[in-house]
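Novice: A single structure is presented below for examination.
Read the figures in this text as sums done on the coordinates, not as results from a lab. Remember, it's a predicted structure, so these values are computed and weren't measured experimentally. With ideal geometry, Cβ positions are generated from the backbone for all residues, glycine too; neighbour counts draw on all protein chains shown.
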Amino acid sequence: MPPAVARLPRSSAGRPVPGNITWYERDDDGAILVTRDTELGGHITCPCTPGTGTPRFGEQCPQRQRTFMAQRQCGLCTENIEPTAELVFIGETNAPYYLEPPLHPLCAAYALQVCPVLHAGGQRIEVALTHSYTLAEDRITGISADGTLRRSVFALGDPVARHLAVLQFYLAFPDTPERLTAPNWLAQRAPKLLP
Ligand SMILES: [Zn+2]
Ligand SMILES: [Zn+2]
């Protein structure tokens, strides 16, 4: 386990909880909180605190997701990724963009080996290696009659989108990524975790 991962708060099962995961406190009713400012326009906030309450694996905290994406922080261990360093996105084959923040190579190697969902994905899971990425905005534009949220992708800082839609997440489009299946990357290229 990378040292920065070992310092993360743990789930009740003793598993380190990735920095981008949402935590729920007992009295949290799950309401979506929307606020507005001049920089982001309408946007979703989240008051959750890592280590307080119960983590919900698979659900990203919109506020930390946006911070990690914008600040080039690792979605697992939360530490900065050096400006010139290679970073890793994990997703489905040929994903055009990623909703999960970038990872340190060591953190990506760890996640692929211990996360049951990623592990079960096998050859369908791909890593995109890059040194940089471009952000876009995933905004909620409305709600359908059946209650599902409608969403659209906007360029980062789009001044019209700020007025029309509510920002939830940033999307990362990797610049000229090198793509490998996760098993191949782990076997051939990934940094090795010490036993
Ligand atoms: Zn949160
Ligand atoms: Zn990391």
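Novice: By how many degrees, between 0 and 90 and to the nearest 10, does the Cα long axis of helix 62-71 differ from the longest principal axis of the chain?
Specialist: 60 degrees
Novice: Write out the trypsin sites (Lys or Arg not before Pro) in the range 86-192 meeting two conditions: DSSP loop, and at most 16 other Cβ atoms within 10 Å of their Cβ.
Specialist: Of the trypsin sites (Lys or Arg not before Pro), the ones in loops of the range 86-192 whose Cβ has at most 16 other Cβ atoms within 10 Å are 189, 192.
Novice: Let me ask something else. Sequence-distant or interchain residues sharing an amide H contact under 5 Å with residue 24, placed H: which?
Specialist: Close amide H contacts, sequence-distant or interchain: 54, 56.
Novice: Quick one: length gained pulling residue 178 to residue 6 fully straight, 0.36 nm per residue minus the C-alpha distance?
Specialist: 59.0 nm
Novice: Here's another thing I want to ask about it. So how much slack lies between residue 85 and residue 56, counting 0.36 nm per residue of separation and subtracting their Cα-Cα distance, in nm?
Specialist: 7.4 nm
Novice: I would also like to ask the following. Compute the normalised compactness of the range 40-195: alpha-carbon radius of gyration over 2.2 N^0.38 Å, N being the residue count.
Specialist: Cα Rg divided by the expected 2.2 N^0.38 Å: 1.10.
Novice: Shifting gears a bit: If each residue of separation counts as 0.36 nm, what is the full-extension length gain between residue 153 and residue 93 once their alpha-carbon separation is subtracted?
Specialist: Going from the current span to full extension adds 19.6 nm.
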